[in-house]
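Peer 1: First the structure, which I've put down as structure tokens, then a few questions once you've had a look.
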Amino acid sequence: MAPMDASNIANVLGALAFRLTDEIDAELADLALDGKATAAVVHLSKYPNESIEKLRVPVGLSHSGCVRLVDRLAELGLARRTTAAQDARAIEVALTRKGRALAARVLERRAEVLLRSLRSLSPAEQEQLGTLISKLYAFEINTPASALRACRLCDYGACTRCPLRGGDDVAEIAT
């Protein structure tokens, strides 16, 4: 096989990223949530009692857009609002039991797609790919907000070697 130049590698990487995103979207289609709502549910499973202001960062919404999203999650019985303990003016959002179960399903289905994509690689190739992806990821993700946004569907339990901090989880990076 002829060596690939950088533009060819970049093109293939982009195509693979879209393919995996499409596969994950297809696996989640029956849940009847858009990407922002799905991201909010998964984020809230990792950060219970999150303020709307903090929730808006990983889902990529304005404050008012995030308020509407939380309204929709509450209507679906996935989340509930409470008054913040430290500031009675602030609202915190937490998942209901139904919301936590949905978050677990999302993470499980996402993992199935991603693990399936690795089957064509040997364990040594998977380790090499992991090293290279981690290097790319650490280069691209350089702020706490970009880490929360990029990791919005991450399974923190599976990310035992976070590429951003040599093993620290994103929760520590984002604070």
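Every read-out reported here was derived from the displayed coordinates using simple, explicitly stated rules and does not represent laboratory data. What you see is a predicted model; the values in this text were computed from it and never measured. In this analysis, Cβ positions are derived from the backbone assuming ideal geometry, glycine residues included, and neighbour counts consider all displayed protein chains.
Peer 1: Which whole-number percent gives the relative contact order of the chain, counting Cα pairs below 8 Å spaced six or more residues apart? Kindly include the intermediate steps, with their values, before the conclusion.
Peer 2: On the way: 169 pairs, mean separation 38.6, N = 175.
Reported as a whole number, the value is 22 percent.
Peer 1: Could I ask something else about it? Quick one: if you stick a label point 7 Å off each Cα along the C-beta vector at Phe18 and Lys135, how many nm between them?
Peer 2: If labels sit at Phe18 and Lys135, their model points lie 2.7 nm apart.
Peer 1: Another question, if that's okay. Sticking with the crude label model, points 7 Å out along Cα→Cβ, report the distance from Leu76 to Glu53 in nm, one decimal please.
Peer 2: Taking the two extended label points, one gets 2.6 nm.
Peer 1: Another question, then. Computed FRET efficiency, Cβ-Cβ of Lys98 and Ser7, R0 45 Å: what is it to the nearest 0.05? Walk me through the numbers before you get to the answer.
Peer 2: Numbers: r = 47 Å, r/R0 = 1.03.
Efficiency computed from Cβ-Cβ geometry: 0.45.
Peer 1: Under the Cβ-under-4.7 Å rule, which cysteines of the chain stay unpaired?
Peer 2: Cys66, Cys159, Cys162
Peer 1: Give the angle, between 0 and 90 degrees and rounded to the nearest 10, that separates the Cα long axis of helix 35-46 from the longest principal axis of the Cα atoms of the chain.
Peer 2: With both axes taken from Cα atoms, the answer is about 80 degrees.
Peer 1: Which entry in (1) 1.01; (2) 1.05; (3) 0.94 is this structure's computed Rg/Rh (Cα atoms, Kirkwood Rh)?
Peer 2: (1)
Peer 1: Something else now. Subtracting the Cα-Cα distance from 0.36 nm times the residue separation, let me have the gained length for Leu121 to Ala145 in nm, one decimal.
Peer 2: This chain segment gains 5.4 nm when fully extended.
Peer 1: Given a Förster distance of 25 angstrom, what is the FRET efficiency for Gln128 paired with Cys159, based on the Cβ-Cβ distance and rounded to 0.05?
Peer 2: Once the sixth-power term is evaluated, E becomes 0.85.
Peer 1: Determine the calculated [θ] at 222 nm for the chain from helices alone, applying -39500 (n - 2.57) to every DSSP H run no shorter than 4 residues and normalising by the residue count; nearest 500 deg cm²/dmol.
Peer 2: Theoretical 222 nm ellipticity from helices: -19500 deg cm²/dmol.
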